[in-house]
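See structure below.
Just so it is clear, none of the values below were taken in a lab; they were calculated from the coordinates. The model shown is predicted, which means the values in this text are computed figures rather than measured ones.
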């Protein structure tokens, strides 16, 4: 039962709060639902600051993998929630670990060089080198299905539907040629040249073979990026996080 809400985001959010007040209690500290007005950055902020709340994303644009609604749909959405006509969808998070550092993302985890040299690394899962070769390039993207339409796609990775239970692993500017492909269900998996698909219960280990400065960036969040000095033999581990992010869906 949803009893309280709060709203954060771009100009116009105060009007949304006034609309919320007609149907639900306004609670800034522990809302059942956090309404976000903006893009993915606002959604990621909500997921970080209100980890126990479900998110209702409202976009000012006409697209967005995590957003179903535009600003003009707010009243309709609140009425549906008040009538109980909604579902709570849990979306996976990715978790990255490097030595004592940990971070997480909803869309993707990106490892990108912060150095004039290129990265040299291999990617393992269950002890198997999934690319069967040492990769040389700017870095690598590990994306969730929702993240597959972002940076990963721009780097040539495939598009996955939101309910797929897998990751897509895409090298950035490597010698591998990337080709896009829409994956509609797990039973018709195809080999994607330049990108690899892995079930979301698999752990990904990225092992480096050159001393180099890198940065780990979750969901493109500048404030959460970490600069790391990689040494030969160092590993970054990426896996599905234990916690999910909850979204209100209709």
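Here are some notes:
- For the range 75-137, diffusion coefficient by Stokes-Einstein and Kirkwood Rh (Cα), 37 °C, 0.692 mPa s, µm²/s: 204
- Length released on extending from residue 249 to residue 10, taking residue separation times 0.36 nm less the Cα-Cα span: 83.9 nm
- In summary, the range 4-85 shows an alpha-carbon radius of gyration equal to 0.97 times the 2.2 N^0.38 Å reference for compact globular proteins.
- Distances between every pair of Cα atoms in the chain, grouped in 5 Å steps from 0 to the bin holding the largest one, split as 1, 6, 13, 17, 17, 13, 11, 9, 6, 4, 2, 0 percent.
- Projected onto their three principal axes, the Cα atoms of the range 1-43 cover extents of 26, 17, 15 Å, largest first.
- Cα-based radius of gyration for the range 94-242, normalised by 2.2 N^0.38 Å, reads 0.95.
- Antiparallel bridge percentage (DSSP; both residues within the chain; nearest 5): 75
- In the elastic network of the chain, a GNM with C-alpha springs shorter than 10 Å, the most mobile of 93, 239, 83 is 83.
- Rounded tilt (10° steps) of 40-49 against the dominant C-alpha axis of the chain: 80
- Working note: Cα gyration tensor of the range 1-149, eigenvalues times five, square-rooted, sorted largest first, giving semi-axes of 38, 15, 14 Å.
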